[in-house]
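Just so you know, all these numbers are worked out from the coordinates, no wet-lab data involved. The structure displayed is predicted, hence computed values, not measured ones. FYI the Cβ positions are ideal-geometry reconstructions off the backbone, even for glycines, and counts take in every protein chain you see.
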Amino acid sequence: MSSMEERMELGVAAGPSSSGLGVGPVGGAMDAGPGSAGLAGIQEESAVRRDGAGSEPDPDAPPKKRVRLQEGEAGKLEERLYSVLCCTVCLDLPKASVYQCTNGHLMCAGCFIHLLADARLKEEQATCPNCRCEISKSLCCRNLAVEKAVSELPSECSYCLKQFPRSSLEHHQTEECQDRVTQCKYKRIGCPWQGPFHELSAHEVECSHPSKTGMELMGILDEMDQSLRRELQLYNGIFSLLCFEKIGFTEVQFRPYRTDDFITRLYYETPRFTVLNQTWVLKARVNDSERNPNLSCKRTLSFQLILKSKVNSALECSFLLLKGPYDDVKIKPVIQHHVFSNDANETEYALLPINDSVECNKLLAAKNINLRLFIFQIQK
Ligand SMILES: [Zn+2]
Ligand SMILES: [Zn+2]
Ligand SMILES: [Zn+2]
Ligand SMILES: [Zn+2]
């Protein structure tokens, strides 16, 4: 790997992670705060991230291909505002920064970066998909009024399903919602109870854990120690991977497709992307391609990593999927391992380590699944 690329990949990986919106330049671009550093330095990473390798037609290529479900045209003010404030490319409400072309067409940060990256790949000047005027980091600016207006639009609490302004939803969900998931205060001595906040005090009154004997508690504490030890091992494992010489990461976007079987099945695939100078693809399937996943309420996603480039010698890698800067997925860090070669270029399917079926359904309901993939090359 050239030192330039290495700096790009490693430098990005080393970025501060305090923003909550993700590390690295892409995260920086998504920062909703005023005066964020902007988009400097993102293009290379984005170009890699969106790399379609030119071999397959990108399903998103004409940016206006996706059509939003009709929302009542004469509906409520909020509904009409949705269509006014949405990104003119993906037609979604922007989650973070909003950019505009010189004629005022709005683009969410993700789409804006996508357009610039595509243009770089095609060696063309990027243009606004609406009016074809030139767009670039210096020609376009943020539109703070739209960002603020979007944050005032109602959004649904995922526990009680009531509507709140986007800007206060997080506070409601973590502090106020009567239906938010809480844990018994005796969790520290092993009570596994979990339930909605409005049932918490009734449970705590009846909880049997405070009256357990020392002997019983010793057993419970031992088990808890063990799980802490496993967690510590995992984090130590990740920290030692971070010391490797060759580390690459990229944002990956799983897009839904259907098989062309008689009974079609949903599966996911990312566009080809480049990490550590190799071309890769990720695939994912629902309930391990069970025949009718819609009939079961247990939902899982499993994924595999496929090396698309030919290699001269075996490529031993550890890899890790984490939440990306664009989506809020609750995913646990699990390190996978595989020795890639031309004969063994696919990993087995492994469970995507998300919390539960609810989390899985959230991903299935979303248009795409955006994650961040780290690959650590193990050198002997
Ligand atoms: Zn967009
Ligand atoms: Zn325009
Ligand atoms: Zn709520
Ligand atoms: Zn309890």
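Go through the range 153-166 residue by residue and turn each phi into a ³J(HN,Hα) via Karplus (6.51, -1.76, 1.60, θ = phi - 60°); whole Hz please, and just put x for glycine and proline.
For the range 153-166, the Karplus-derived couplings read 5, x, 9, 8, 5, 6, 9, 9, 6, 7, 9, 9, x, 3 Hz, x marking Gly and Pro.
List every residue whose amide H lies under 5 Å from the amide H of THR88, counting only residues 5 or more places away in sequence or on a different chain, with H placed 1.01 Å from N in the peptide plane.
It is LEU106, MET107, CYS108, by chain and number.
Quick one: which residues, 5+ away or cross-chain, put their amide H under 5 Å from the amide H of ASN342? H built at 1.01 Å from N.
VAL311
What percentage of all Cα-Cα pairs in the range 277-356 are separated by more than 19 Å?
46
Taking the simple approach of a point 7 Å from Cα along Cα-to-Cβ for both LEU232 and GLU134, what is their distance in nm?
Distance between label points: 5.9 nm.
Give the Rg/Rh ratio for the range 151-244, taking Rg as the radius of gyration of the Cα atoms and Rh as the Kirkwood radius, to two decimals.
That ratio is 1.15, to two decimals.
Give me, ordered by chain and number, the residues 5 or more places off THR127 or on other chains with an amide H under 5 Å from its own placed amide H.
HN-HN under 5 Å from THR127: ILE135.
Distance cut-off 23 Å, Cα to Cα: go down the list LYS187/LYS323; LYS332/LYS362; LYS148/LYS362; LYS187/LYS330; LYS137/LYS330 and report the pairs above it.
LYS187/LYS323; LYS148/LYS362; LYS137/LYS330
Could you check the spin-label model distance between TYR257 and ASN361? Points 7 Å from the Cα along Cα→Cβ, value in nm.
For TYR257 paired with ASN361, the spin-label model returns 2.8 nm.
Taking θ = phi - 60°, what integer Hz values does the Karplus form 6.51 cos²θ - 1.76 cosθ + 1.60 yield along the range 82-95, in sequence order, with x for Gly and Pro?
Once rounded to whole Hz, the list reads 3, 6, 7, 9, 6, 5, 6, 9, 9, 6, 9, 6, x, 7.
Report the extension gain between LEU81 and GLN304 in nm, rounded to one decimal, defined as 0.36 nm multiplied by the number of residues separating them, less their alpha carbon distance.
So the chain would gain 76.3 nm between LEU81 and GLN304.
Percent relative contact order of the range 302-380, based on C-alpha pairs within less than 8 angstrom and at least six residues apart?
The value is 45 percent.
What number do you get for the range 167-310 when its Cα radius of gyration is normalised by 2.2 N^0.38 Å, N = residues?
1.55
If each of ALA202 and PHE239 carries a label point 7 Å out from its Cα toward its Cβ, how far apart are those two points in nm?
Roughly 4.4 nm, to one decimal.
Place a +1 charge on the Cβ of each Lys and Arg in the range 319-376 and a -1 charge on the Cβ of each Asp and Glu, then give the dipole magnitude about the Cα centre in debye, rounded to the nearest 20.
Magnitude of the dipole: close to 280 debye.
Residue by residue through the range 206-216, which ³J(HN,Hα) values in whole Hz follow from phi under the Karplus form 6.51 cos²θ - 1.76 cosθ + 1.60 (θ = phi - 60°), with glycine and proline marked x?
Taking θ as phi minus 60°, the curve returns 8, 4, 8, 5, x, 9, 5, 7, x, 4, 4 Hz for the range 206-216.
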